[in-house]
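In what follows, a structure is listed as C-alpha cells, so that the remarks can point back to it.
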Amino acid sequence: MKPALLSVVRMRKAFGGLVAVNDVSFDVSEGELIGLIGPNGSGKTTMLNLISGALRPTSGEIRLGRNQISGLAPERIAKEGIARTFQLVRVLPSMTAIENVIAGTAFVGDRTWGARAHTLAGALLERVGLTGRENAPVSTMTYIDQKRVELARALAADPRLLLLDEWLAGLNPSELLIGIDLIGEISREGRTIIMVEHVMDAIRTLCSRCVVMSSGVKIADGTASNVLADPDVIRAYLGDDDA
Amino acid sequence: MTGIHRDEMLGLICGGVALALLSLLPLLTEGFYLSFGVNLVLYAALSTAWSLFSGPTRFVSLASAAFFGIGTYSVALWLDALPFVVLIAIAALASAALAALIGAATLRLSGVYFVIFTLGLTELIRQIVSWSQSRFAHKMGLYVFTDFTEGDLYWMLLALTAATFSVGWLINRSRLGFALRIIGDDETVARHVGIATARAKIVLFMISGAFAGIAGAIMAPRYAYIEPQAAFNPMISFMVVIMALLGGTRRLWGPLVGVVPFTVVMELIAARFPNESLIVVGIAFLAIVYVLPSGVTGRIECLRERLRRSLGTGVDAPGCGKIEGRA
C-alpha cells in the first residue's frame, strides 16, 4: 500500500452541543479518488471544511504528507497544496473566466503570473470544455459552465489534494456524463481527489474507495461496491425496514 | 494584465498632458487662484490615496486626518535638524507604521468598527499631541518657516498626486491589486486560493496612509504655525471621504471627479457663509449616499451598461446603485 497523503485522525467538530463530526479517522493514499458519502446532514461538508481550513477543528489532527495542517488558516492550507470547489458554486462574479482561473494559480506554488498564468489558465479552460470562452464574464455563464470555471480554478493551483464538494449536483443527465468523464480523466492523471457526492452512479463509476458518514460518525470505509451493500449504510440512507 | 492596453495608453497620454498643463498654473497666477489650486491638488492627492485602500476593500477610513497630522508634525518637529526630503520620508514611514497598527488591530473586524476606530484614533492622537506639547514643551504649537513659495508647494502636491496615481495604476496591474479584486468579490474564495487577506489589506492601508502623510508634510510650511487642532482636523477625513464617494471609487480617477466640484463649492461656502460649512458637508454626505451611492463615475458606467443592455448586446451590470460602503 502506498503511503498516506492525507491522514485524518479522530477529527471532531462541535457547534455548541451539536457534534457535526464525531471523532472521524481515515487515510487517503497518493493518487486515490475517494468518495465521501452519507445522508444529508451527516457531516460530509463539515469534514471537507475542516480539511480545507474553512472551519477550525474542536479536536483531532489532519496531516498532509508529513505536515500537520489542522488548525491552519485556509490560505496556509491552500499553500500546502489543497484546492477545493464549493457546494454552492463560488466564482468571482466581477471577473472573466480566465481571470477566475488565474486566481487559482497566482498565490500558491510558484505563484505563476503574467503571460505564463494566461497560457496555463487558457489550457485549463480548454481542459474543462470552455474553449474560446476565456474572456466571457462568469456572471453571464450557465451553472454548469460556472462549475467548470471553478474546477479549472482549483486545478490551476496544481494541488496535491483536490476537494470536490458536490461538484456534480445540479447537472442534467447529459451534463452529468460529461462531468463524470472529466473527473475520471483528472483522477487517471494521478491527482488525489476527495469528492463529496450524492450521485450514486458517479460514486460507482469513479471511486475506488468510499468513506460513509452518518450523523457525524464514520460508519463504513471500503470499496464502493462493498460499502454500498453494507446493511449499516443502507439503514443510514433508507431507514431500518430496508436493511 | 499583460502589456499595456490602448485605453491605458490613452489614459497615460491624457494624464501626462493634464499634468503638464496643470503644472503651468504657478507661472500664470498668484494669490487666490494659486491658493485655490493648492487646495485642489491637496484633496486630489488625499482622496486618491484614500480610495487606493477604501475603493477595493470598501472599508471606510476616517484616519486621513491622523496620517495628515503625523506628516505635518514630522516636518514641524525636525525641520531645523534634517533636510526636507528626509522629513517627507519620515512622514511616509511614520504614517505607514500607524496604518499597520490600525490595520493589525481592526481589519479583522467588520467595517463599522473600523470606521469608528479610525475616527476615535485620530481624536486620541490629537489629544495626546496637545497634552504632550503643553506638558513637556509648554507651548501650544510649533513654527515652520521655510523658503518654499506657494508655487513650490503646489508643484510638490501635484507631483504627489501623480505619484499616487502611478502607484495606484501599478498596484492594479500587480498581484496585490488582483488579490484585492478577489477579496472584494468573495473573501472566502480569496483565502482558499491562498491569499493572506488580512495582510493584503494592511499593506494597502499602509501605502494609502503613507501618501496622506506625505501630503501633510508638504502642507506644513503653508500653515507656518502648527497646532494639533489644525493638523489633526477631523474635517480633513470627512472631506476626503465625501469627495471620493461623490466621484466614485471603482476607477482610479473616480475621486478626482468629486474633488473638483466639491472644492469649488466649499470655497464658495467658506467665502459667503463661513459658519454654515459643516451643514453643507452633512447634507452633501446624505445626498451622496442616497442619490449617488456608487458616485458620479459609477452612475455613468451603470447608465452606459444599461444602454448597452437595452440594445441587446450587453451583460448584467452588477450592483447598479448599490451602496458601496460596507459601513
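The values are calculated or read from the model by the stated rules, or taken from the named source; none is laboratory data. Just so we're clear, the structure is a prediction, and the values are computed from it rather than from any experiment. Methodologically, a virtual Cβ is constructed for each residue, glycine included, from the backbone with ideal geometry; neighbour enumeration extends over all protein chains shown.
Worth a mention:
- Hey, B:S74 farther than 16 Å from B:P255 by Cβ, more than 18 Å from the chain's Cα centre (by Cα) and buried (at least 24 other Cβ atoms within 10 Å of the Cβ) or not: yes
- Of the residues in region A:132-142, at least one is more than 10 Å from chain B (Cβ to nearest Cβ), in contact with a Leu (Cβ under 8 Å, 6 or more places away or on another chain), of a type in the set (D, E, K, R) and surrounded by fewer than 20 Cβ atoms within 10 Å (Cβ to Cβ).
- Among the residues of region A:121-131, those identified as out of contact with any Leu (no Cβ under 8 Å at 6 or more places or on another chain) and either surrounded by fewer than 20 Cβ atoms within 10 Å (Cβ to Cβ) or at the interface with chain B (Cβ under 9 Å from one of its Cβ atoms) (or both) are A:G122, A:A123, A:E126.
- Residue tally, condition surrounded by 19 or more Cβ atoms within 10 Å (Cβ to Cβ) and part of a strand (DSSP E or B), over region A:210-238: 7
- Condition check for A:P39: surrounded by fewer than 20 Cβ atoms within 10 Å (Cβ to Cβ) and either within 30 Å of A:I144 (Cβ to Cβ) or within 14 Å of chain B (Cβ to nearest Cβ) (or both): yes
- Matching residues, region B:186-227, being among the aromatic types (F, W, Y) and in contact with a Leu (Cβ under 8 Å, 6 or more places away or on another chain): B:F205, B:F211, B:Y225
- Within region A:103-116, restricting attention to residues that are within 19 Å of A:L164 (Cα to Cα) and part of a helix (DSSP H, G or I), the residue that is farthest from the other protein chains (Cβ to nearest Cβ) is A:T105.
- Filtered residues of region B:188-201 (kept if facing chain A (nearest Cβ under 10 Å) and part of a helix (DSSP H, G or I)): B:T188, B:V189, B:A190, B:R191, B:H192, B:T197, B:A198, B:R199, B:A200
- Those residues of region B:21-71 which are among the aromatic types (F, W, Y) and closer than 21 Å to B:M266 by Cβ, in sequence order: B:F32, B:Y33, B:F36, B:Y43, B:W50, B:F67, B:F68
- Scanning region B:89-101 for residues that are surrounded by 24 or more Cβ atoms within 10 Å (Cβ to Cβ), farther than 22 Å from B:L256 by Cα, over 14 Å from the mean Cα position of the chain (by Cα) and of a type in the set (V, I, T) turns up nothing.
Residues are listed down the side, and each one gets a yes or a no for (1) β-branched (V, I, T); (2) modelled with pLDDT under 85:
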| site | (1), (2) |
| --- | --- |
| B:I214 | yes, no |
| B:Y223 | no, no |
| B:V240 | yes, no |
| B:G258 | no, no |
| B:I288 | yes, yes |
| B:P293 | no, yes |
| B:L311 | no, yes |
| B:V315 | yes, yes |
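- Taken together, the criteria place B:R251 among residues that are within 14 Å of another protein chain (Cβ to nearest Cβ), touching a residue at least 12 places away in the same chain (Cβ under 8 Å) and part of a loop (DSSP other than H, G, I, E, B).
- All told, A:P93 meets the bar of being outside any strand (DSSP E or B), in contact (Cβ under 8 Å) with a residue 24 or more places away in the chain, in the same structural domain as A:G132 (by TED's automatic domain parsing) and surrounded by fewer than 22 Cβ atoms within 10 Å (Cβ to Cβ).
- Among the residues making up region A:14-59, a single one is charged (D, E, K, R), in contact (Cβ under 8 Å) with a residue 60 or more places away in the chain and in contact with a helix residue (DSSP H, G or I) (Cβ under 9 Å, 6 or more places away or on another chain): A:E32.
- Considering only residues in region A:75-90 that are free of Cβ contacts under 8 Å to residues at least 60 places away in the same chain and within 7 Å of another protein chain (Cβ to nearest Cβ), the one that is farthest from B:P56 (Cα to Cα) turns out to be A:K79.
- Lone qualifier among B:T249, B:T263 - being over 30 Å from B:V86 (Cβ atoms), hydroxyl-bearing (S, T, Y), surrounded by 16 or more Cβ atoms within 10 Å (Cβ to Cβ) and touching a Ser or Thr at 6+ places or on another chain (Cβ under 9 Å): B:T249
- Conditions (1) away from chain B (no Cβ under 13 Å); (2) within 19 Å of the chain's Cα centre (by Cα); number of the one not met by A:L155: (1)
- Only a single item in (1) within 28 Å of A:T140 (Cα to Cα); (2) in a helix (DSSP H, G or I) is not met by B:A271, and it is number (1).
- Among the residues examined, A:V149 qualifies as closer than 27 Å to A:G31 by Cα, within 13 Å of chain B (Cβ to nearest Cβ) and buried (at least 20 other Cβ atoms within 10 Å of the Cβ).
- Residue within region A:60-74 that is surrounded by fewer than 16 Cβ atoms within 10 Å (Cβ to Cβ) and facing chain B (nearest Cβ under 9 Å) present: yes
- Filtering region A:137-184 to residues that are outside any helix (DSSP H, G or I) and β-branched (V, I, T) leaves only A:T142.
- The residues on offer are A:E134, A:E75, and the sole one that is of a type outside the set (S, T, N, Q) and in a loop (DSSP other than H, G, I, E, B) is A:E134.
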